[in-house]
Every structure is written in C-alpha cells, then in structure tokens.
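The values are calculated or read from the model by the stated rules, or taken from the named source; none is laboratory data. Please read these numbers as outputs of a predicted model, since none were measured by experiment. Glycine also receives a Cβ, built like all others from the backbone with ideal geometry; neighbour counts cover every protein chain displayed. Calculation scope for accessible area: heavy atoms of the full protein, side chains included, ligands and nucleic acids excluded. Shrake-Rupley method; radii C 1.70, N 1.55, O 1.52, S 1.80 Å.
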Amino acid sequence: MAEAWDVSSAGFIKKVVAQDAASIERLVRAYTRHLHNAAVGMGFDPETAKEMVQDTWITFYEKVPAFEGRSSVRTFIFAILYRKGLEKCRELAKLRKHDPVDDVVAARFDLRGHWVRPPASPEEFVLAAETSEKFHACLEKLPLTQRAAFTLKEVDDLESEEICNTLGITVTNLGVLLYRARNRLRECLEVKSGWKS
Amino acid sequence: MSCKEVVENLGSGKELSHMGKLKQMAHLFMCGPCSRYWGHMRALRGAVRKYFSDGPSLTDAESKSLEDRIIARLLGKT
C-alpha cells in the first residue's frame, strides 16, 4: 500500500496514467503549491500563477494517458508549466546570442584573464543577498529563461538533464543561461551591497 | 587556468575532468578574488532558497482552495 502512494513508484504512475481519481488528487495535493512557487519564480504575479497552475493540471490530465515514464511525473508536470510560461512570454527557449551581462563580466578581467575589478567582500555581499527586498529587486531583472533555469537548478534541485528536458534546451545552452543568471544577480547584488572596487 | 576561466566554470556549472577539478581547487585556494566569487555563488544559492522558502507563495488556505478547484474541475471529467 505504501508503495502505491509513493508518487514516483511504478504502481502509482500506472494508476495516474489510467486517470485514477484518488491518484490524480494525490498528485494535485502534492505539487500544486510547488507549481505556484515555480510560476511566481518565473516572474508571474500570484493571480496569473494560479491560472497557470490550473491550466497546467488540465493539460497534464489530458496528456497523462500517453505518459511513457521516460522522465519522472514531477518533471512531466513541471515541463508543462514551464512551457506554458515560456509561451506566455513569447520568449520560447530561444537563447540570445548576446547578453549585456557578458560584457559586464568581461570588463572585470584584463586580457590575460586576471581580475581588474575583483568581487565585493563576502560579508557585504551575503548581507545584500539575504535582504529579501534587494534580492527580489535583482531577481526581477532576470529574463524569464534565465530565471527559470536558475530556480529549477537552485531551488528545485533538478539535474541538468531534467532542466534541459523541461525547458527544451541543450546542456550547452543551460550552462549559458545559468552563467548569465548567476552573474546578472551577482553584479546587481554587488551594486546593492554598496561595493566600490 | 585563468581567473576568467574559473569564473566561467563556476558560473555555468560546467562539468570538469578530474584534473580540471584539481586545477580549479588549487586556483581557488590561492586566488583571493576567485575565492570571493565562489563565496558569492554559494551565497546566491542560499539566498534564492531562503527567498522561495519564506516565500511569495500561497497560504495553506489559498493552496487548499486552489487544489480543491483543480480537483473538482479535473475529476468532473471522469
């Protein structure tokens, strides 16, 4: 019985695919809040996030009979949410060839790759990062795809392969998105920490 | 390995070979600015987790209400 309620067990997945009411309810209870968090994490306001979560479950319910178990149910559900988010913003998973943050980071090094403007002291930086308003203001500046990749990696703890499946991108593209997201956040928080190098 | 390469590796989460990891660790041990940068990466991870756990999310009541609506809508189809 315990195995049947484990949302990653083969028995449970079989029931979900068969649209078993109790199993679907179990999934909705298990993941709705996480989905809402993820939608807010992508930059949508709480009400829009609620609509996205409802749409995600409807799509999931329609598609689940064809679920082949190649990814986890969780990844399958989150992939639907992220696709909806990306479609909604018309950004799709297209990677910009150039991002201004690349120049900002490059300008911190000399031609030999040594720092010319070293990073802020850890204490000031941590203080800025842990101040909710400052962190929120910097997070808001991330483009949707960077924000999605960053939160899937750091908050949802997904493996790179799962993130790539979810966002429909390659591992190389994921590296670029994470690099840009982390550096954009880092540069923004550094400014907010009052650091002058 | 230059500082710029270390920053690129840490920022992108690039998978390194065993030798690459050793070189990078040695660099981080000896280079103050890169060590700071690494500290910033760790701080970002902690901050984003804290931000989402303190959360701009749903209260228990809001979550329950949303789940109930979804369940009613989905299972009305069966």
*Selected from B:Leu75, B:His18, A:Leu144, residue furthest toward positive end of dipole (the protein assembly as shown; charges at beta carbon)*: B:His18
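Enter the buried accessible area of the B/A pair, total of both sides, probe 1.4 Å, in Å² rounded to the nearest 100. Don't jump to the answer; show the numbers that get you there.
Details: alone 6710 and 11630 Å², together 13920 Å².
Using a 1.4 Å probe, the pair buries roughly 4400 Å².
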*To the nearest Å, what is the center-to-center distance of region B:10-78 and region A:121-197, using C-alpha atoms only?*
9
*Ignore the peptide's own chain and count Cβ atoms of other chains within 10 Å of each Cβ in A:110-120; give me the average, rounded.*
5
*Leaving ligands, DNA and RNA out of it, work out the accessible area of A:Cys164 with a 1.4 Å probe and give it in Å² to the nearest 10.*
10
*Taking springs between alpha-carbon atoms closer than 10 angstrom, which of B:Lys21, B:Lys50, B:Lys64 fluctuates most in the Gaussian network model of chain B?*
B:Lys64
*Quote the relative contact order of chain A in percent (integer), defining contacts as alpha-carbon pairs under 8 Å separated by 6+ residues.*
23
*In whole Hz, with x marking every Gly and Pro, tabulate ³J(HN,Hα) for region B:26-36 from phi via Karplus 6.51 cos²θ - 1.76 cosθ + 1.60, θ = phi - 60°.*
4, 4, 5, 5, 9, 9, x, x, 5, 5, 4
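Given the peptides A:16-27, A:35-46, arrange them by the average over their residues of other C-beta atoms within 10 Å, most packed first. Numbers along the way, then the final one.
Values: A:16-27: 16.7, A:35-46: 21.3.
Highest to lowest by the protection proxy: A:35-46, A:16-27.
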*Computed on alpha carbon atoms, what radius of gyration and Dmax characterise the protein assembly as shown, expressed in Å?*
20.7, 65
*How much of the accessible area of region A:74-197, in percent, comes from carbon and sulfur atoms when a 1.4 Å probe is used?*
54
*Percentage of Cα-Cα pair distances in region B:1-76 greater than 14 Å, rounded to whole percent?*
72
_Solvent-accessible area lost in complex, 50 Å² minimum, residues of region A:129-176 relative to chain alone, 1.4 Å_ = A:Phe135, A:Glu154, A:Val155
*If you put +1 on each Lys and Arg Cβ and -1 on each Asp and Glu Cβ, how big is the dipole of the protein assembly as shown around its Cα centre, in Debye rounded to 20?*
600
*Each label point is 7 Å from the Cα along the Cα-to-Cβ direction; what then is the distance between the points at A:Ala22 and B:Met19, in nm?*
5.8
